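Participant: Below is the structure I would like to discuss, written out as structure tokens.
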Amino acid sequence: METITRNQINQDMNMLIGSLQDEDRPIVSPLAAMRLSITWPVLCIAAYSASVLWLALNYVPESDAFGNPLTFFSHMGTELGFFAFSFIFGIAISTGLYVPSLVYLSIPASVRNQSIILLNLKRLVKRLAVASLIINMAVAVAACTYNEILIGAAPFVLILSFIVMQVVISAEVTRYGIGGMMKKLTTLAKKI
């Protein structure tokens, strides 16, 4: 890991702010920002959806205490409710990630590739996203192989992994001392 000086961070932030204040740069496509913001949550929800589909296809009807056969929905009602919460949380997370995606894409690619801060944050976000995606997929696979009740942990694992990602990213932004500057970047991007 390279040593970054305060002077480099200040120059980097001035470059980022200058690039956002440039009136001649093209406007970001909202679909590109949406695509970037939904990638991680949709992959997590897809893993849980595949798990629920697997459970539904491999369901062997059981009988209740009175000998009546239980349908998949009556047997897995609570787990399906938790899965629905996971889906709602995924949509909420995607919505929350839209503005940061818009800010990121508002900065020209040439500037993003030169920015020390953005390159480090991008590398960190990729590592965190892959790690949390693996954890969410592991829970989905465990629900298929060990116990279907684990699908009920889906919303908690999804939210917890998102919170951990946000805390780590926030700590990195604080380490650089650029929290106030990031707000300014967001304000400039919202004016677009």
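The values are calculated or read from the model by the stated rules, or taken from the named source; none is laboratory data. Fair warning: this is a prediction, and the values are worked out from it, not measured in the lab. Cβ sites come from the backbone with ideal geometry, for glycine too, and all protein chains shown count toward neighbours. Accessible surface areas use protein heavy atoms only, side chains included; no ligands, DNA or RNA. Shrake-Rupley method; radii C 1.70, N 1.55, O 1.52, S 1.80 Å.
Participant: Could you tell me whether residue 150 is touching an Asp or Glu at 6+ places or on another chain (Cβ under 9 Å), over 30 Å from residue 9 (Cα atoms), assigned to a helix (DSSP H, G or I) and not charged (D, E, K, R)? Working first, answer last.
Facilitator: Values: touching an Asp or Glu at 6+ places or on another chain (Cβ under 9 Å): yes; over 30 Å from residue 9 (Cα atoms): yes; assigned to a helix (DSSP H, G or I): yes; not charged (D, E, K, R): yes.
So residue 150 fits the description; yes.
Participant: Looking at 55, 43, 31, 16 in this structure, which one is in contact (Cβ under 8 Å) with a residue 24 or more places away in the chain, over 30 Å from residue 73 (Cα atoms) and part of a helix (DSSP H, G or I)?
Facilitator: After applying the criteria, what remains is 16.
Participant: Select, from 95, 71, 78, 39, the only residue that is modelled with pLDDT under 80 and open to solvent by 50 Å² or more (accessible area, probe 1.4 Å). Reasoning before the result, please.
Facilitator: Numbers: 95 fails: modelled with pLDDT under 80; 78 fails: modelled with pLDDT under 80; 39 fails: modelled with pLDDT under 80.
Within the list 95, 71, 78, 39, the selection yields 71.
Participant: Same structure, new question: Quick one: in the stretch 17-36, which of the residues that are surrounded by fewer than 16 Cβ atoms within 10 Å (Cβ to Cβ) and at pLDDT 85 or above is nearest to the chain's Cα centre (by Cα)?
Facilitator: Among those that are surrounded by fewer than 16 Cβ atoms within 10 Å (Cβ to Cβ) and at pLDDT 85 or above, it is 35.
Participant: For residue 90, state whether it is of a type outside the set (Phe, Trp, Tyr), at pLDDT 80 or above and open to solvent by less than 30 Å² (accessible area, probe 1.4 Å).
Facilitator: Judged against the criteria, residue 90 is a match.
Participant: Quick check: anything in the stretch 44-51 over 20 Å from residue 159 (Cα atoms) and open to solvent by less than 40 Å² (accessible area, probe 1.4 Å)?
Facilitator: no
Participant: Out of the stretch 116-127, which residues are surrounded by 14 or more Cβ atoms within 10 Å (Cβ to Cβ) and either of a type in the set (A, V, I, L, M, F, W, C) or modelled with pLDDT under 85 (or both)?
Facilitator: Of everything in the stretch 116-127, those that are surrounded by 14 or more Cβ atoms within 10 Å (Cβ to Cβ) and either of a type in the set (A, V, I, L, M, F, W, C) or modelled with pLDDT under 85 (or both) turn out to be 116, 117, 118, 121, 124, 125.
Participant: Please find, within the stretch 75-115, the residue that is nearest to residue 4 (Cα to Cα) out of those that are outside any helix (DSSP H, G or I) and not aliphatic (A, V, I, L, M). Working first, answer last.
Facilitator: Of all residues in the stretch 75-115, those outside any helix (DSSP H, G or I) come to 76, 107-108, 115.
Remaining after also requiring not aliphatic (A, V, I, L, M): 108, 115.
On the way: 108: 22, 115: 12 Å.
Within the stretch 75-115, the match that is nearest to residue 4 (Cα to Cα) is 115.
Participant: Let me confirm something: among 168, 130, 173, which residue is open to solvent by 60 Å² or more (accessible area, probe 1.4 Å), assigned to a helix (DSSP H, G or I) and either closer than 30 Å to residue 19 by Cβ or without any contact (Cβ under 8 Å) to a residue 12 or more places away in the chain (or both)?
Facilitator: Step by step, each of 168, 130, 173 is checked, and only 130 is open to solvent by 60 Å² or more (accessible area, probe 1.4 Å), assigned to a helix (DSSP H, G or I) and either closer than 30 Å to residue 19 by Cβ or without any contact (Cβ under 8 Å) to a residue 12 or more places away in the chain (or both).
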